[in-house]
Amino acid sequence: MNPIKLLYCLLLASCISFSVLAQPAKKPVKNGTIIPVTKFKPPVVKTFLGRNEKEATVTVDEANQLVNLPLKITDDKNNVYTISSYQFMYKKKSVIENEETGKKEIVFGTTADLFKSTPLPKVWRDNINGGIQKDEELFFFDVIVNDKLNRKFFAPNVKIKVQ
């Protein structure tokens, strides 16, 4: 490519990027009047799976029961919040044979997805329930909830470790 054309293209690209970046932030306007945005301080909430919150260690039997339970988000006054979405990750233990040594090795794989309702969908519960083993994990994260005014905010994660 001709060096002058290349220089022209670079100059044009930089002008376009600068003009896009230089746009002032838009402020909410209604009938020509700027509407002040009220700051929202989300309430302090807790996320529960059964009676477990934050990080918990449970038995295999308890984990098999927890898979079927819904997440519950509450504040200090026991107000319940609606879940908008959350991500769930299952860390599953498997045994493979090392092709080089011929010995069996323990490996972990993860399966995750985004969900908009709780408890987990039936197909997920059916695939996990009854097959949980020691050292596996159930992790609910990026939990987004709505308050009564439909404002969204994050709730704490819950990680269940199986012993």
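Count of segment 124-163 residues, restricted to those that are in contact (Cβ under 8 Å) with a residue 24 or more places away in the chain, basic (Lys, Arg) and not in a strand (DSSP E or B), is 3. Scanning segment 31-76 for residues that are part of a loop (DSSP other than H, G, I, E, B) and under 18 Å from Ile160 (Cβ atoms) yields Gly50, Arg51, Lys54, Thr59, Val67, Asn68, Leu69, Pro70. Being under 30 Å from Gln87 (Cα atoms), surrounded by 10 or more Cβ atoms within 10 Å (Cβ to Cβ), modelled with pLDDT of 70 or more and not hydroxyl-bearing (Ser, Thr, Tyr), is that true of even one residue in segment 15-35? No, every residue in segment 15-35 fails to be under 30 Å from Gln87 (Cα atoms), surrounded by 10 or more Cβ atoms within 10 Å (Cβ to Cβ), modelled with pLDDT of 70 or more and not hydroxyl-bearing (Ser, Thr, Tyr).
Considering Thr47, Thr57, the condition of being among the hydroxyl-bearing types (Ser, Thr, Tyr) and either out of contact with any Lys or Arg (no Cβ under 6 Å at 6 or more places or on another chain) or modelled with pLDDT under 95 (or both) is satisfied by Thr47 alone.
For Ile106, work out the one condition from (1) in a strand (DSSP E or B); (2) of a type in the set (A, V, I, L, M); (3) under 19 Å from Ala56 (Cβ atoms) it doesn't fulfil. Of the numbered conditions (1) in a strand (DSSP E or B); (2) of a type in the set (A, V, I, L, M); (3) under 19 Å from Ala56 (Cβ atoms), the odd one out for Ile106 is (3). The test for being acidic (Asp, Glu), over 21 Å from Gln65 (Cβ atoms) and in a strand (DSSP E or B) does not hold for Glu100.
Considering Phe139, Phe88, the condition of being surrounded by 15 or more Cβ atoms within 10 Å (Cβ to Cβ), modelled with pLDDT of 95 or more and touching a Lys or Arg at 6+ places or on another chain (Cβ under 6 Å) is satisfied by Phe139 alone.
Counting only residues that are closer than 18 Å to Gln163 by Cβ, surrounded by fewer than 17 Cβ atoms within 10 Å (Cβ to Cβ) and at pLDDT 95 or above, segment 122-136 holds 3 of them. In segment 109-121, the qualifying residues are those that are outside any loop (DSSP other than H, G, I, E, B) and in contact (Cβ under 8 Å) with a residue 24 or more places away in the chain, and the one that is surrounded by the fewest Cβ atoms within 10 Å (Cβ to Cβ) is Leu114.
The values are calculated or read from the model by the stated rules, or taken from the named source; none is laboratory data. If you're wondering where the values come from, they're calculated on a predicted model, not measured in any experiment. Cβ coordinates were reconstructed from backbone atoms using ideal geometry, including for glycine residues, and neighbour counts include every protein chain displayed.
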